[in-house]
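See structure below.
The values are calculated or read from the model by the stated rules, or taken from the named source; none is laboratory data. This structure is a prediction, so every number in the text was calculated from the model and none was measured. Virtual Cβ from ideal backbone geometry, glycine too; neighbours counted across all protein chains shown. Surface accessibility is based on the protein's heavy atoms, side chains included, excluding ligands, DNA and RNA. Shrake-Rupley method; radii C 1.70, N 1.55, O 1.52, S 1.80 Å.
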Amino acid sequence: MSSVTQADPAKQAGSASPLTRRRPLGDRGFQILALASGLLVLVILVLIAVSTTQQSTDWFSKAGVKGIFSTDWDPATNHFGAMAFVYGTVITSVIAIIIAVPVSVAVALLLTEVVPRRWARPIVYLIDLLAVVPSVVWGLWGILVFAPWIQSSVYSHIASAVNGIPLLGSLFGPPVSGASFFTAGIILAVMITPIVTSLSREVIATVPVIDKEGAYALGATRWEMIRGAVWPHSQNGVVGAVLLGLGRAMGETIAAALVIGSSATVTSRLFATGYSMPAVIANQFPEAAGEWRAALIGMGVLLFALTIIVNLAARGIVERSTRRMRGA
Amino acid sequence: MMAVATEQPAADLREPAGWRRTKNRVATVLMWVAFVCTLVPLGFVLVTVIAKGASAISWQFLTKGPIPPNVLPVTIGGMGPAVVGTLEITGFAALIAIPLGVLGAVYINEYGGNRALARLIGFMADVMTGVPSIVMGLFIFTIWVLHFGYSGLAGSFALGCLMLPVVIRSSYEMLRLVPDSLREASYAVGATKARVTVTVVLPAAIGGIVSGALLAIARAAGETAPLLFTILVVESTNTNLFSGPNTALATQIFINAQQPFTGAQQRAWGAALTLIAIAFILMLAARIVTARFTRYTR
């Protein structure tokens with residue numbers, strides 16, 4: 001990264017040169033302090049895994065794999081099957097990805113290939129504003145303003161139009177609720193757009209200028225240049241960016257908790273009320289105790305594992321593709 | 001569509017054929033449409049929050065307490081306890097996370113070199129930014145709250161854990177931009193590495209580090225999930241960060257948003273406007289710092 005290490009005075013220790021002297025205590029102390037702060041990241045990640053798993057063994061051992069993935073969630077009778085929540089998490093994140101990815105990639109292309117640089121800046125600021133609006137504010141707006149509006153003026157029309165049609169009917173048919181899988185998916189899509197856009201932009205910016213100019217020299221239009229020069233180079237990196245967005249969408253709690261409808265059901269109807277893993281943790285944790293609490297913490301463990309896997313994969317892909325591009 | 005890209009280009013210098021030009025135009029228009037699609041929800045949220053929040057906000061709302069029961073109108077009591085809670089919890093989280101984060105970045109960039117450990121820490125810091133905030137809340141609950149009880153401090157720890165990797169990332173990016181010639185010049189006059197780092201490298205990168213830290217604070221101030229299980233909730237101001245339950249704007253919005261009463265909902269909108277204002281002020285401050293104090297940019 002930097003060639004500073006060559007100039008490190010500590011390296012000279014042991015030689016017969018008159019410059020040789022013991023490294024001052026403060027110097028070594030500072031290095032240890034810095035190392036400790038760096039290691040803190042690893043320590044925290046390990047501690048998260050250990051302490052949350054410890055508090056949820058009750059659930060994991062009692063329920064077993066079959067119990068965990070059953071759809072029966074009833075705290076009153078001590079049944080804690082998480083399937084409905086896993087399902088809701090998957091469905092809402094998939095909806096979010098389907099909506100957010102085309103939009104984010106298009107905006108990233110707009111910023112890197114279409115608008116002049118001095119215009120790109122204010123646009124980036126605007127997109128970043130989306131990320132600064134707290135998730136609870138999205139949730140508040142979602143449940144009090146957006147959900148009632150979209151239910152009466154969009155969902156209900158679609159539902160009555162497709163009712164009875166085989167596939168569409170089972171996806172978009174009634175029952176219709178403002179707080180639903182689909183509403184949660186839309187809100188999540190808005191929330192992950194900034195991160196997917198900025199990462200895609202980073203990846204697309206590494207496409208060598210010479211490739212782009214080559215495409216133009218062959219007479220390509222801008223769109224043909226994007227398809228022929230930009231896309232093949234940045235494809236992998238964009239996949240990484242999408243995975244990171246997926247990780248965010250899966251873990252997003254408060255907005256989902258407010259707009260998903262809070263009913264533990266597994267249904268193909270996207271306009272029906274549902275639930276997701278982070279949402280149920282947020283809503284039920286305050287009243288939970290014993291095995292109930294263990295089950296909620298256990299879902300946190302599942303969520304942690306899931307997001308770590310997704311993030312590892314995504315970061316690996318992004319890192320590899322940007323490094324290869326810079327090296328090229 | 002793919003065929004266009006792989007087609008053998010003909011040696012023809014005429015303008016692109018009509019359908020190719022049309023396709024290009026359609027693509028450009030679609031990109032602008034996508035941009036507008038991202039602005040619509042942003043505009044809607046801001047307009048709604050400002051319109052509904054402005055009527056709730058008053059000096060009394062921001063400073064007075066206690067937070068009244070749901071059924072009471074917004075003119076009674078105020079969100080003072082939540083404002084105080086948000087400021088002290090977020091402030092203390094910043095106090096913990098920023099020095100540690102900057103030091104961590106110093107390790108990765110100044111001491112790590114190409115060592116595998118430094119690369120691992122950098123990579124895991126990136127991964128840590130993806131840990132859901134609710135998991136951080138559960139983590140602090142299991143490791144701290146179960147033993148020492150609910151307090152603002154526990155909330156600060158949870159927010160600090162969320163801020164740490166963000167600060168590491170942004171500080172590292174800034175340290176990387178400091179040219180080696182600066183460091184080498186300092187070594188040449190006999191300074192130790194710690195001294196070079198503290199008096200030369202960090203000051204050179206301070207603009208970027210501060211603005212990154214401000215953005216991290218802005219994000220943390222709006223976090224709700226990690227606070228739910230760490231600070232609990234109270235109705236009156238708790239200035240003691242280290243003991244007893246506390247409250248914050250974000251958790252108050254979450255609770256009040258679920259109430260059917262107009263008073264509660266108005267309080268939620270007022271708190272939302274306050275929270276967004278805090279976040280935007282921090283973001284604006286970050287931009288000003290970036291514009292005025294950044295010495296090295298990409």
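Out of every Cα pair in region B:16-56, what percent are spaced more than 16 Å from each other? When all Cα pairs of region B:16-56 are counted, 57 percent exceed 16 Å.
Residues of region A:22-38 falling in the label zone of residue B:115, defined by backbone nitrogen less than 19 Å from a point 7 Å along Cα to beta-carbon, are A:23-38. Where only DSSP H runs of four or more residues are counted, chain B gives -22000 deg cm²/dmol as its mean residue ellipticity at 222 nm, each run worth -39500 (n - 2.57). Taking one quarter of the surface of the convex hull spanned by the alpha-carbon atoms of region B:115-216 gives a direction-averaged projected area of 8.3 nm². Here the extension length gained between residue A:217 and residue A:115 equals 34.7 nm, from 0.36 nm per residue of separation less the Cα-Cα distance. Based on DSSP H segments of at least four residues, each scored -39500 (n - 2.57), chain A has a per-residue ellipticity at 222 nm of -22500 deg cm²/dmol. With both labels modelled 7 Å from their Cα along Cα-to-Cβ, the residue B:30 to residue A:57 distance reads 5.4 nm. Anisotropy class assigned to chain A is oblate, per the alpha carbon gyration tensor with a/c at or over the 1.5 cut-off and a/b no larger than b/c. When every Cα-Cα distance of region A:87-276 is counted in 5 angstrom steps from zero, the calculated P(r) takes the values 1, 8, 15, 16, 15, 12, 11, 9, 6, 4, 1, 0 percent.
Taking only the Cα atoms of region B:17-156, the radius of gyration and Dmax are 24.1, 73 Å. Spin-label model, residue B:292/residue B:198: points 7 Å from Cα along the beta carbon direction are separated by 2.7 nm. The per residue volume of the convex hull around the alpha-carbon atoms of region B:104-143 is 74 Å³. For a test of the definition: using alpha carbon positions, the gyration tensor, and the 1.5 limit on a/c, classify chain B as rounded, prolate or oblate. The shape class here is oblate. Less than 13 Å from a label point 7 Å out along the Cα-to-Cβ axis of residue A:50: which backbone N atoms in region A:283-306 qualify, by residue? Within reach of a label on residue A:50: no residues.
Taking a ≥ b ≥ c as the square roots of the eigenvalues of the alpha-carbon gyration tensor, region B:238-298 is classed oblate because a/c is 1.5 or more while a/b is no larger than b/c. Here residue B:193 is the anchor, and the lysines within straight C-alpha reach of less than 22 Å, apart from those fewer than 8 places off in the same chain, are A:11.
Inter-label distance, residue A:160 to residue B:21: 4.6 nm, where each label sits 7 Å from its Cα along the C-beta direction. Surface composition of region B:62-297: carbon plus sulfur atoms hold 67% of the accessible area, using a 1.4 angstrom probe and ignoring ligands, DNA and RNA. Projected over all directions and averaged, the alpha-carbon convex hull of region B:182-238 occupies 6.4 nm². Computed over the Cα atoms of the protein assembly as shown, the ratio of the radius of gyration to the Kirkwood radius (Rg/Rh) comes to 1.00.
Once the Cα atoms of helix A:231-251 and of chain A are each reduced to a long axis, what angle between those two axes, in degrees from 0 to 90 to the nearest 10, is obtained? Roughly 60 degrees, rounded to the nearest 10.
Rounded to the nearest 0.05, the FRET efficiency derived from the C-beta distance between residue B:55 and residue B:180 at R0 = 45 Å is 0.20. Compared with the dominant principal axis of the Cα atoms in chain A, helix A:290-327 is inclined by about 50°.
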